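Chemist: Dropping the structure in here first, questions after.
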Amino acid sequence: MNIDPWQSVKTLESDYSDYGGNIVRWETNDNYPDCSCGCKYFWKLDSDWGVCLKQQTPRAGLLTFEHQAGYQCFEKE
């Protein structure tokens, strides 16, 4: 059976626009890191997917693609 994880992913306004959200990454000179940059709250499930464990964020407890989010919630390990 071939399962597409994108069928289960909830898209939020706080996600990067490339992944259905409203945050336009690299719109300014600001650094907009994503979960793959070593966020201490990103619990990896495999090489690309994980779950956000930071309770105070919109993606808390949600299946997340490693480049999908991180704006204003990323914290380096």
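Quick note: the coordinates plus some simple rules give every number you see, no bench work behind them. Bear in mind that the values here come from a model prediction, so they are computed numbers and not experimental data.
Chemist: Taking the alpha-carbon distance from K10 and a cut-off under 17 Å, which aspartates and glutamates remain once sequence neighbours fewer than 8 residues away in the same chain are dropped?
Modeler: Correct list for K10: D18, D34, D48, E66.
Chemist: Same structure, new question: If the chain between M1 and Q56 were fully stretched, how many nm would it gain, using 0.36 nm times the residue separation less the Cα-Cα distance?
Modeler: Additional length available on full extension: 16.3 nm.
Chemist: Would you grab the residues whose amide H sits under 5 Å from the one on Y41? Only those 5+ places off in sequence or on another chain, please, with H modelled 1.01 Å from N.
Modeler: E75
Chemist: Provide the gained length on full extension for the span E13 to W49, in nm with one decimal, where the gain is 0.36 nm per separating residue minus the Cα-Cα distance. Present the calculation step by step, with values, prior to reporting the outcome.
Modeler: On the way: separation 36, 0.36 × 36 = 12.96 nm, distance 1.90 nm.
In short, 11.1 nm is gained.
Chemist: Based on C-alpha coordinates, I'd like the Rg and Dmax of the range 10-77, in Å.
Modeler: In order Rg, Dmax, the Cα atoms of the range 10-77 give 10.8, 31 Å.
Chemist: Less than 19 Å apart at the alpha-carbon level, and either on another chain or at least 8 residues along: which lysines does that give for K40?
Modeler: K54, K76
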